[in-house]
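Following: one structure in structure tokens, then a few remarks.
The values are calculated or read from the model by the stated rules, or taken from the named source; none is laboratory data. Bear in mind the structure is a predicted one, so any value in this text is a computation, not a measurement. In this analysis, Cβ positions are derived from the backbone assuming ideal geometry, glycine residues included, and neighbour counts consider all displayed protein chains. In case anyone asks, the SASA skips ligands and DNA or RNA and just uses the protein heavy atoms, side chains included. Shrake-Rupley method; radii C 1.70, N 1.55, O 1.52, S 1.80 Å.
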There are 2 protein chains.
Amino acid sequence: MPASPIRKLVPYAEAAKKRGVEVIHLNIGQPDIKTPKAALDAVRQAPIEVLEYSRSEGNESYRVKLAQYYAGHGIRVEPGQILVTTGGSEALSIVMGCIADPGDEIIIPEPFYANYNGFAIANGVKVIPIASDISDNFALPPIETFESYITSRTRAILLCNPGNPTGYLYSQEEIRKLADLVKKHNLFLIADEVYREFAYDGKQHYSVLREPGMDMHAIMVDSVSKRYSMCGARIGCMVSRNPDLMQAALKFAQARLSPPTLAQIASEAALDTPPEYFEEVIGEYTARRDLLLEELSKIPGIRIARPQGAFYCMVELPVKDADHFAQWLLEEFHWKGATVMVAPAAGFYATPGLGSREVRIAYVLEQDLLRKAVRILREALKNYPG
Amino acid sequence: MPASPIRKLVPYAEAAKKRGVEVIHLNIGQPDIKTPKAALDAVRQAPIEVLEYSRSEGNESYRVKLAQYYAGHGIRVEPGQILVTTGGSEALSIVMGCIADPGDEIIIPEPFYANYNGFAIANGVKVIPIASDISDNFALPPIETFESYITSRTRAILLCNPGNPTGYLYSQEEIRKLADLVKKHNLFLIADEVYREFAYDGKQHYSVLREPGMDMHAIMVDSVSKRYSMCGARIGCMVSRNPDLMQAALKFAQARLSPPTLAQIASEAALDTPPEYFEEVIGEYTARRDLLLEELSKIPGIRIARPQGAFYCMVELPVKDADHFAQWLLEEFHWKGATVMVAPAAGFYATPGLGSREVRIAYVLEQDLLRKAVRILREALKNYPG
């Protein structure tokens, strides 16, 4: 398995901290937003005497409430069409195990979330990347390109919407084009929608499950991690109206017995989070994004993909090798005692050579810290010898 | 993937309950013992504001305490030799992913825990069963038999010790024989030791990690599920002193980000459980086992494997087809308004035809209920037309 693009830098960050340098993390997707109190309180107050297994498919009460939550987002699904998983990670892993045999192919627009590679390798699945480009904010590549990559081994097209690491929000039209294509070739369209709520500028997220005629083809992967700032819960789900697929997924789920019980209690309670929580969170992320874009625009020679969702921003730097630059930032540079850690983007591409000048910035920091971080980046680029 | 031997019966049990028949569950391994209060209190009192990811390998503080716990059981390991997983299930799945390529073989004495099949299938691994026998309580088959099954594709021998479903506790001598064999053929010896504490009659559990000279070969899988009656936590671990193996396992762990945070807090606190908890629990299970054996011995024509560990008892019934009998118990029979659900043992065998007259009984019920359940079984066998 490949090492994650960020992990390689961790020892350098630790060494910098040991030298007394403050390291501001622009590299991680761990939100600093507080977890809804109701979610944590539900666990604190749960009258548990024996911490039992839940059902393999997840607690019935949780799935009923999840179906209601989806209905509120225009997605009509039954509780029986939801399989609760140990994070979105397990949902993706189960999906790949269900739909593909070793050697089968899944097409993914790149750059993409690096762990897709891990799940693919673990399941013997071949990832077929199709490059999207920073110059148009990583919009969907031409549908003809997708079609030209379809072979007899292709099983699915996988999207992250809104995108990690791109911040791109796919439009209804783009989803529709993909839907038509997967129907024509009898493939699955898998959408990782864990950032659903994080859509900015008044844009609406369009779920693959809202697209008509896709009952046999659409698979949605979800998670509470980002939505409720509870990454450590490890609760996600897989949603599909395809009964054969859900039956196969249940067998994988039964082999691992059940998703975590305590975290399901928290996740169920989190569904009662009032809309104001999200309004506040979205407001905060929008302000951070705007600040980030404004500050970044002061740096000469860079290109930015304007994010309309999630909380990541892809930036092309005026350097030859962003990997080297990221390491140099930690090893050699500091400005007023501080430096920044960014995620070099090459690790988000499957095609060698692509993204070598790009980095991903996660704007999950308070605005003052974010401003300082970009200032450090600007000073660093002035001083970088690479 | 195959359906679990128990799942097939669930609809019949539900139908029986709908008819007003009390169904006593002898089929499940969900302990009725209370979870240690300290474990649940630790979660209730944890000052969490943001429910963050833990480290992929598990919280450092938990792994340090786990190493101390193992030291108390004569097992010397460093925290860095422990990978915290989402249940013993994930540990087994990661182990198989690390040590085997699709088509590789793992030898397992049968009957064995049915979910081993699921993890093997998901990883493309071929299970090679070697039959053990109820007539000698499912002791280790002759070591020559193991050796005769080793091929160029063999990667490991997998044991459950004490055994689910057999209740068999492997002796130090048996472990040593296997250790010599895996060293000779450069294989791994994987021991699922989740029932470590549940050893009766004064016998001591002998861990595969206590066997000298096995650093490169021994892999131990563990879980808090049974030990602390917290199956729903979904916390286990994989332990090995083989650095290459642990490095590979970490990559699988990184792809799925982290084990559940809340449950790790509970599991760490559970390690402070005083020895009296286990003395009480072991005393209770011993009493249940003795009662079970005594009551079962009143049934004519049955054979019993005397359990010395875990909380399962394999019983050969005077019936042709235990699958049919188990279904009949739920569909057709009741005694004073109650019937029992047992786990037909054929599902624990990989070799077709084996175990067709056997059932597994889990003695995780209070003694009065256990007595009643065996009485129902006795009456049922008198009336069974099969």
TODO: Check whether at least one residue in region B:100-112 is open to solvent by 20 Å² or more (accessible area, probe 1.4 Å), touching a residue at least 12 places away in the same chain (Cβ under 8 Å) and touching a helix residue (DSSP H, G or I) at 6+ places or on another chain (Cβ under 8 Å), and report yes or no.
DONE: no
- [ ] For B:Arg378, state whether it is in a strand (DSSP E or B), open to solvent by less than 60 Å² (accessible area, probe 1.4 Å) and either in contact with a Cys (Cβ under 6 Å, 6 or more places away or on another chain) or touching a residue at least 60 places away in the same chain (Cβ under 8 Å) (or both).
- [x] no
TODO: For residues that are open to solvent by 40 Å² or more (accessible area, probe 1.4 Å), under 19 Å from B:Glu379 (Cβ atoms) and in a helix (DSSP H, G or I), tally how many sit in region B:271-301.
DONE: 1
Task: Selection count, region A:164-204, where residues are in contact (Cβ under 8 Å) with a residue 60 or more places away in the chain and under 25 Å from A:Leu245 (Cα atoms) - done: 6
Task: In region B:94-152, the residues that are in contact with a Ser or Thr (Cβ under 8 Å, 6 or more places away or on another chain) and among the hydrophobic types (A, V, I, L, M, F, W, C) - done: B:Ile94, B:Ile106, B:Ile107, B:Ala114, B:Phe119, B:Ala122, B:Ile128, B:Ile130, B:Ala131, B:Phe138, B:Ala139, B:Leu140
TODO: Taking the residues in region B:356-375 that are in a loop (DSSP other than H, G, I, E, B) and touching an Asp or Glu at 6+ places or on another chain (Cβ under 8 Å) as candidates, determine which candidate is nearest to B:Ala310 (Cα to Cα).
DONE: B:Val364
Task: Candidates B:Met246, B:Met220, B:Met216 - the one that is open to solvent by 10 Å² or more (accessible area, probe 1.4 Å), more than 14 Å from chain A (Cβ to nearest Cβ) and among the aliphatic types (A, V, I, L, M) - done: B:Met216
Open item on the list: Going residue by residue through region A:210-222, is there one that turns out to be of a type in the set (Asp, Glu) and in contact (Cβ under 8 Å) with a residue 60 or more places away in the chain?
Closed with: yes
Open item on the list: Quick test of your reading of the structure: B:Phe119 fulfils all but one of (1) hydrophobic (A, V, I, L, M, F, W, C); (2) modelled with pLDDT of 95 or more; (3) not in a loop (DSSP other than H, G, I, E, B). Name the failing condition by number.
Closed with: (2)
Open item on the list: Regarding region A:318-341, can at least one residue be identified that is modelled with pLDDT of 95 or more, in a loop (DSSP other than H, G, I, E, B) and under 24 Å from the mean Cα position of the chain (by Cα)?
Closed with: no
Task: Total residues in region A:41-69, condition closer than 25 Å to B:Glu49 by Cβ and either touching a Gly at 6+ places or on another chain (Cβ under 8 Å) or not assigned by TED's automatic domain parsing to the domain that holds A:Ala249 (or both) - done: 1
TODO: Please identify the pairs in which a residue from region A:83-98 that is within 10 Å of A:Asn123 (Cβ to Cβ) and in a strand (DSSP E or B) has its Cβ atom under 7 Å from the Cβ atom of a residue that is among the charged types (D, E, K, R) and open to solvent by 10 Å² or more (accessible area, probe 1.4 Å), counting only partners at least 6 apart or on another chain.
DONE: none
- [ ] Those residues that are touching a strand residue (DSSP E or B) at 6+ places or on another chain (Cβ under 7 Å) and not in a helix (DSSP H, G or I), I need them from region B:250-265; list them, please.
- [x] B:Pro259
Task: Search result, residues across region A:125-140 that are open to solvent by 10 Å² or more (accessible area, probe 1.4 Å), over 21 Å from B:Leu257 (Cβ atoms) and assigned to a loop (DSSP other than H, G, I, E, B) - done: A:Ser132, A:Asp133, A:Asn137, A:Ala139, A:Leu140
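Please count how many residues of region A:99-116 are assigned to a loop (DSSP other than H, G, I, E, B), farther than 23 Å from A:Leu169 by Cβ and more than 8 Å from every other protein chain (Cβ to nearest Cβ).
Filtering region A:99-116 for residues assigned to a loop (DSSP other than H, G, I, E, B) gives A:100-104, A:111-114.
After this cut, where a residue has to be farther than 23 Å from A:Leu169 by Cβ as well, the list is A:100-104.
Next cut, more than 8 Å from every other protein chain (Cβ to nearest Cβ) only: A:100-101, A:103-104.
The number of residues fulfilling the criteria is 4.
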Task: Test set (1) in contact with a strand residue (DSSP E or B) (Cβ under 6 Å, 6 or more places away or on another chain); (2) more than 14 Å from every other protein chain (Cβ to nearest Cβ) - B:Arg196 fails condition number - done: (1)
TODO: Of the numbered conditions (1) within 20 Å of A:Pro307 (Cα to Cα); (2) surrounded by fewer than 21 Cβ atoms within 10 Å (Cβ to Cβ), A:Gly347 fails exactly one; give the number of that condition.
DONE: (2)
Task: From the options B:Ala326, B:Ala345, B:Ala362, residue that is among the aliphatic types (A, V, I, L, M), within 18 Å of B:Ile302 (Cβ to Cβ) and out of contact with any helix residue (DSSP H, G or I) (no Cβ under 9 Å at 6 or more places or on another chain) - done: B:Ala362
- [ ] Would you mention how many residues in region A:43-98 are β-branched (Val, Ile, Thr) and more than 10 Å from every other protein chain (Cβ to nearest Cβ)?
- [x] 7
Open item on the list: Considering only region B:13-22, I want to know if a residue exists there that is surrounded by 20 or more Cβ atoms within 10 Å (Cβ to Cβ) and away from chain A (no Cβ under 12 Å).
Closed with: yes
- [ ] Only residues that are without any contact (Cβ under 8 Å) to a residue 24 or more places away in the chain, open to solvent by 60 Å² or more (accessible area, probe 1.4 Å) and assigned to a loop (DSSP other than H, G, I, E, B): list them for region B:28-61, please.
- [x] B:Pro47, B:Glu49
Task: Options B:Val64, B:Val95, B:Val77; residue that is of a type outside the set (Ser, Thr, Tyr), within 20 Å of B:Leu262 (Cα to Cα) and either modelled with pLDDT of 95 or more or surrounded by 24 or more Cβ atoms within 10 Å (Cβ to Cβ) (or both) - done: B:Val64
Task: Members of region B:224-243 that are within 10 Å of chain A (Cβ to nearest Cβ) and either open to solvent by 10 Å² or more (accessible area, probe 1.4 Å) or part of a helix (DSSP H, G or I) (or both) - done: B:Cys231, B:Gly232, B:Ala233
Open item on the list: Which residue is farthest from the other protein chains (Cβ to nearest Cβ), if the candidates are limited to region B:260-284 and must be out of contact with any helix residue (DSSP H, G or I) (no Cβ under 8 Å at 6 or more places or on another chain) and closer than 14 Å to B:Val224 by Cβ?
Closed with: B:Phe278
